[in-house]
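I'd like to ask you about the structure that follows.
The values are calculated or read from the model by the stated rules, or taken from the named source; none is laboratory data. In this text the structure is predicted, and so the values were computed from the model without any measurement. We place every Cβ from the backbone using ideal geometry, glycine too, and count neighbours over all the protein chains shown.
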Amino acid sequence: MLRLEGLSCGYGLFHAVSELELEVPGGTITGLIGPNGAGKSSTLMCVAGHVDLQAGRILFDEHDIGGLPAPERVRRGIAVAPEGRRLFKDLSVEDNLRVGGLIHKASLFKADRDYVLSLFPRLGERLGSIAATLSGGEQQMLSVGRALMARPKLIMIDELSLGLMPKMVDLCYEALLRLKQDGMTILLVEQNTDRVLSVADHVCVLESGRTVWSGNAADARNDPELAAAYLGLR
Ligand SMILES: Nc1ncnc2c1ncn2[C@@H]1O[C@H](COP(=O)(O)OP(=O)(O)O)[C@@H](O)[C@H]1O
Ligand SMILES: [Mg+2]
């Protein structure tokens, strides 16, 4: 569904990511992992159209979308739950969801909201609450839910579990698996390597903007050198 060919992206003359090759097949979970500053967020934001593409191609559904403005990419089916969540903090939970669905007819809102609430029942109890008053875990759920309101084909989630209580991480990962069952394609950035490897079909390990490993998640789990060097696994 998504293919990055020789992608370099960054800020001005600085390459945050160089010559990245990445394939995200439809209906799968692909994990993008690596240490701080590796270029994970830059990659997601370049696909979304918010960070400059410096070289290479971004193919989505076989179309080269690298030159399209960000809103057009949303309309084509790419949504992002960004690092730090970037919620509309002064708006209610329901209105945050409404904003996520603004590209669609208002008549779709209720059904789409109810789907999000079926994934994240806790949000249903907080519909009228101002987003700023939610716990970290609830805010993460809302960020993912808002992205889903755009009815994407591909959802990119940046640091799903960062800073969350273990119980909340469990709930978020349950929702992720349910999304996959429902046919969603997911590109997941995480520092929590154990978690990614437990759900991902494929993983790509970035370091200093370059791929150091990519392949099946099962192979990643069984590669002792990789595990020791990059995954923090014992
Ligand atoms: N807005 C920005 N302007 C300049 N450099 C940036 C900006 N955002 C990130 N970078 C740099 O790009 C590199 C990759 O960062 P990032 O994509 O955020 O990594 P990760 O998400 O893997 O932690 C880092 O060297 C970081 O300092
Ligand atoms: Mg990041």
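I need every pair where a residue in the range 5-17 that is over 17 Å from residue 204 (Cα atoms) and in contact (Cβ under 8 Å) with a residue 40 or more places away in the chain has its Cβ under 7 Å from the Cβ of a residue that is outside any strand (DSSP E or B) and not β-branched (Val, Ile, Thr), sequence separation at least 6 or different chains.
Pairs that qualify, where the first residue is over 17 Å from residue 204 (Cα atoms) and in contact (Cβ under 8 Å) with a residue 40 or more places away in the chain and the partner is outside any strand (DSSP E or B) and not β-branched (Val, Ile, Thr), are 10/42; 15/209.
Taking the range 1-59 as the search range and keeping residues that are out of contact with any Ser or Thr (no Cβ under 8 Å at 6 or more places or on another chain) and part of a loop (DSSP other than H, G, I, E, B), which one is nearest to residue 217 (Cα to Cα)?
Among those residues, the one meeting the criterion is 34.
Then there's this: Which fully enclosed helices (runs of 4 or more DSSP H) of the range 131-234 have 2 or more residues being of a type in the set (Lys, Arg)?
Those helices (runs of 4 or more DSSP H) span 166-181.
So, in the range 45-77, how many residues would count as being within 8 Å of ligand 1 (Cβ to nearest atom) and buried (at least 24 other Cβ atoms within 10 Å of the Cβ)?
0
One line per residue, one yes/no per condition, for (1) touching a Cys at 6+ places or on another chain (Cβ under 8 Å); (2) within 16 Å of ligand 2 (Cβ to nearest atom):
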site: 19; (1), (2): no, no
site: 31; (1), (2): yes, yes
site: 53; (1), (2): yes, no
site: 57; (1), (2): no, no
site: 67; (1), (2): no, no
site: 81; (1), (2): no, yes
site: 101; (1), (2): no, no
site: 105; (1), (2): no, no
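Answer with yes or no whether residue 201 is surrounded by fewer than 21 Cβ atoms within 10 Å (Cβ to Cβ) and at pLDDT 95 or above.
Yes.
Could you give me the residue pairs with C-beta distances under 7 Å whose first residue belongs to the range 35-48 and is in contact (Cβ under 8 Å) with a residue 60 or more places away in the chain, whose second residue is in a loop (DSSP other than H, G, I, E, B) and within 9 Å of ligand 2 (Cβ to nearest atom) wherever it lies, and which are 6+ apart or on separate chains?
Pairs found: 41/83.
Here's a follow-up. Is it the case that residue 79 is closer than 21 Å to residue 147 by Cβ, of a type in the set (Gly, Ala, Ser) and either at pLDDT 95 or above or part of a strand (DSSP E or B) (or both)?
So residue 79 fits the description; yes.
Check off (1) farther than 23 Å from residue 26 by Cα; (2) modelled with pLDDT of 95 or more; (3) loosely packed, with under 14 Cβ neighbours inside 10 Å for residue 118 and give me the number that stays unchecked.
Exception for residue 118: condition (1).
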